Amino acid sequence: MKKKLAIIPVALLLIYGGVATAEKTAKCPISGKAANPKISIEVNGNAVGFCCNNCKKSYSKTIADAGPEKCQYSGKASKKGTKLVHETSQLVSFCCKNCAGKYAKANKFKAKAGSPGKCPISGKAANADQFISVNGAKTFFCCGNCKKKHSAKLAAKADTGKCPISGKAANAATQVVHTKREAKYFCCNNCKAKYAKANFAKK
């Protein structure tokens, strides 16, 4: 079967029982360089590839990983080789900059202004006014359409409209994306597949 996408859908992984590997056309989420298919981490059923092991280590630091414990389905001891990463995103807005700062500090966001560079969707020159802030780091786009496409990929949960610090009505202009990554382990690949189907399969 020819691979047409830069990521491998979880459905294919479950059918063929294969190990997720990144496509040669994928880009490293840390450096932006071409990803090495042999250096990857399984996130939400897809292989996220990296250009080198250093970038993989940098990405791994953003993952909450308590190590193998008990399988949530069988209750048996989990195995290290069954690891997958469950990533979730939430849109969050604040009533003021002070609350935005408090939230960032509490969640250990490292502010990275960055520079526009190239749009990750179109490859064109990015616009400094078109960006999405994820955990303090800004990703720039060439236009609003590319920004929307990237936002859709994040599959972030809707904003509540209230500031999580003060509880007051939030200002949409302060909106950011809070992404969490958590390592999951299972006793066997059957339980892993069960979890993937429940959480990552398209409905």
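Summary table
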| read-out | value |
| --- | --- |
| Neighbour-limited loop hits for trypsin sites (Lys or Arg not before Pro), segment 49-107 (at most 14 other Cβ within 10 Å; DSSP other than H, G, I, E, B) | Lys61, Lys76 |
| Average Cα contact separation per residue, the chain, under 8 Å, 6 or more apart, as relative contact order % | 24 percent |
| Long-range amide H partners of Ser122 with built H, under 5 Å | Cys142 |
| Fewest-first ranking of Ser122, Ser78, using other Cβ atoms within 10 Å as the exposure measure | Ser122, Ser78 |
| Gyration tensor verdict on segment 62-199 (Cα atoms; rounded if a/c is under 1.5, prolate if a/b is larger than b/c, oblate otherwise) | prolate |
| For segment 82-94, Karplus couplings with θ = phi - 60° (6.51, -1.76, 1.60), whole Hz, Gly/Pro x | 9, 4, 9, 10, 9, 10, 10, 10, 9, 7, 9, 10, 10 |
| R0 of 22 Å, Cβ-Cβ distance Asn145-Lys27: FRET efficiency to nearest 0.05 | 0.65 |
| Point-to-point label distance, Asp129-Lys57, nm (Cα→Cβ direction, 7 Å offset) | 4.2 nm |
| Length added when fully stretched, Ala169-Ala155, from 0.36 nm per residue minus Cα-Cα | 2.7 nm |
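Rule-based calculations on the coordinates, nothing more; no lab input. Source: prediction; values computed, not measured. Because the Cβ atoms are built from the backbone with ideal geometry, glycine has one as well, and the counts that use them run over all protein chains shown.
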